[in-house]
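Right, one structure below, let's go through it.
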Amino acid sequence: MTEIPDPQHTIANLIDQHHESNQSKPRPHLGASIAGHHCDRWIWLSFRWAVIEKFPGRILRLFRRGHLEEAQIVKDLEAIGVTVTDDQKRVTLGGHVSGSIDGIADGVPGAWQTAHLVEMKTHALKSFKDLAANGVEASKPQHYAQMQLYMHGLGLTRALYFAVCKDNDEIYTERVRYDEKAATAMMERAERISLADRIPDPISTDPSWYLCKWCPAHAFCHKAEPTHHVNCRTCAHATAKPDGTWRCERHEADGIPEDFQRRGCDDHVLHPDLVPWPIKDSGDPHEAVYVIDGVDVRNGHPDAHVFASSELIANPKGCVDNLARAVRKAFLGAKVTG
Ligand code: SF4
Ligand code: SF4
């Protein structure tokens, strides 16, 4: 007898595949939510769209659950006389650093007169217990940094951290005081990283270190993988400007539009910090020469002698293979593919 496929399994897979094929694009700005991350390098790589984190469908549904919970939290706060406004209000913190807040609360019990930034988070039981035991600054430093930056940008002096445990619906709240010194230092760090032309040092060179082990950039940092992405931000010709725009030195153009940044152009040259290969002087400001397995590979606008960034990324070995190089040269427009 033919076995009936497990409908649950099939349905779950289909739903997860649906979510996986609708991943959000990387953010154009350096978000306040990431500014407190422990690793400068990760902040830089994600801001440069050099390592783009892809989530499994189940995790994407978990994010959605956290987001949906916010409406319930607002209802609960309103039920006790707290008003929450400015949901998703955009806060520009300066240059490339910005974010969107969960809201501003008025009428917080015990501090009726003081407007509070509200930060709402859902937690799994283990994380919730740690939060309740140690407080948000020690337990969730990234959330703490996010609140400090938003208070800094909005001129607020207090934040209300509202956490819900996903396992048992327990609530933990904490009022957080604005710390000008800490917020200024966080802002300076975020601005420094966003404007850095060169990649920051790794937080660890040990591939088994726990914070690196689970990092989406693990293969990049610890297995010498190149970036997998061609866009203006992985291009050696792009510069992040202090006013929050991007300049292309190759085309001498300021203010590259965001949708164009996501595509890049045929003149893309891989940023030397985003590939594991040694670089040589190319003698041409529009090209780079990378040494792959002892062979010089010219990178820039593709022609018979110059390889596109997409070719180097897709198949670096193919770019140094004699036969592939000969075929590519003989058939104009032929490309090395993965
Ligand atoms: S793997 Fe480690 S060093 Fe590299 S970005 Fe991630 S946390 Fe930083
Ligand atoms: S050369 Fe092309 S890919 Fe590179 S920054 Fe300029 S427009 Fe973007």
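Using a Gaussian network model of the chain with C-alpha springs under 10 Å, which one of 155, 244, 300 is most mobile by mean-square fluctuation?
155
Percent antiparallel among DSSP beta bridges with both residues in the stretch 37-179, to the nearest 5?
Taking every DSSP beta bridge within the stretch 37-179, about 70 percent pair in antiparallel fashion.
Averaging sequence separations of C-alpha pairs under 8 Å and six or more residues apart, then dividing by the length of the chain, give the relative contact order as a whole percent.
13 percent
Give, as ranges by residue number, the residues of the stretch 312-328 whose backbone N falls under 14 Å from the point 7 Å along Cα→Cβ of residue 280.
320, by backbone N distance to the label point.
Please tell me the relative contact order of the stretch 240-338 in percent, rounded to the nearest whole number, where contacts are Cα pairs under 8 Å and at least six residues apart.
17 percent
In the chain, which helices (entire DSSP H runs) extend 15 Å or more along their own long axis, judged by Cα positions, while averaging at least -0.5 on the Kyte-Doolittle scale?
Span-like helices in the chain: 57-79, 125-139, 180-195.
May I ask for the longest run of the chain untouched by chymotrypsin sites (Phe, Trp or Tyr not before Pro) that are loop-located per DSSP and have at most 12 neighbouring C-beta atoms (other than their own) within 10 Å?
215-330
Going by accessible area, probe 1.4 Å, with all protein chains left in place, what is the ranking of 65, 48, largest first?
Highest to lowest solvent-accessible surface, that is 65, 48.
Using a 1.4 Å probe and counting only protein heavy atoms, arrange 180, 191 so the residue with the most accessible area comes first.
Solvent-accessible surface, decreasing: 180, 191.
Counting DSSP beta bridges in the chain, what percent are antiparallel, to the nearest 5?
If we restrict to bridges inside the chain, about 70 percent are antiparallel.
When ligands, DNA and RNA are left out and all protein chains stay put, how many square angstrom of accessible area per residue does the chain have with a 1.4 Å probe?
54 Å²
Under 1.5 on a/c is rounded, so check that first for the stretch 183-257, then, if it is not, pick prolate when a/b is larger than b/c and oblate when it is not; a ≥ b ≥ c are the square roots of the alpha carbon gyration tensor eigenvalues.
It is oblate, given that a/c is not under 1.5 and a/b is not larger than b/c.
If the label point is 7 Å along Cα→Cβ of residue 195, which residues in the stretch 204-246 have backbone nitrogen under 16 Å from it?
Of the residues in the stretch 204-246, 239-246 have backbone N under 16 Å from the label point off residue 195.
Taking R0 as 22 Å, what FRET efficiency do you get between residue 213 and residue 127 from their Cβ-Cβ distance, rounded to the nearest 0.05?
Working from the Cβ atoms, E equals 0.75.
In terms of the Cα gyration tensor, with a ≥ b ≥ c the square roots of its eigenvalues, is the stretch 51-94 rounded because a/c is under 1.5, prolate because a/b exceeds b/c, or oblate?
Taking the square roots of the gyration eigenvalues as a ≥ b ≥ c, the stretch 51-94 is oblate.
Quick check: with the 1.4 Å probe, what order do 181, 54, 166 take by accessible area, largest first?
Descending order: 181, 54, 166.
Report, in deg cm²/dmol and to the nearest 500, the calculated mean residue ellipticity at 222 nm for the chain, where each DSSP H run with n ≥ 4 adds -39500 (n - 2.57) and the sum is divided by the residue count.
Taking each H run of at least 4 residues, the total per residue is -11000 deg cm²/dmol.
Of the heavy-atom accessible surface of the chain (probe 1.4 angstrom), what whole percent is carbon and sulfur?
52 percent
When 1/r is averaged over all different Cα pairs and the result inverted, which Kirkwood radius in Å belongs to the stretch 12-131?
It is 16.8 Å.
So what's the gap between the Cα centers of the stretch 229-274 and the stretch 110-177, to the nearest angstrom?
Each part's Cα centre sits 37 Å from the other's.
Run the numbers on the stretch 52-196 and let me know its relative contact order in percent, using alpha-carbon pairs under 8 Å that are six or more apart.
Normalised by residue count, the contact order of the stretch 52-196 is 19 percent.
With the Cα gyration tensor of the stretch 108-239 giving a ≥ b ≥ c as the square roots of its eigenvalues, does the rule (a/c under 1.5 for rounded; else a/b larger than b/c for prolate; else oblate) give rounded, prolate or oblate?
Oblate, since a/c reaches 1.5 and b/c is not below a/b.
The values are calculated or read from the model by the stated rules, or taken from the named source; none is laboratory data. As the structure is a computational prediction, the values presented were derived from the model and not from experiment. Neighbour counts run over all protein chains shown; Cβ positions are idealised from the backbone, glycine included. Surface areas here come from the heavy atoms of the whole protein model, side chains and all, with no ligands, DNA or RNA. Shrake-Rupley method; radii C 1.70, N 1.55, O 1.52, S 1.80 Å.
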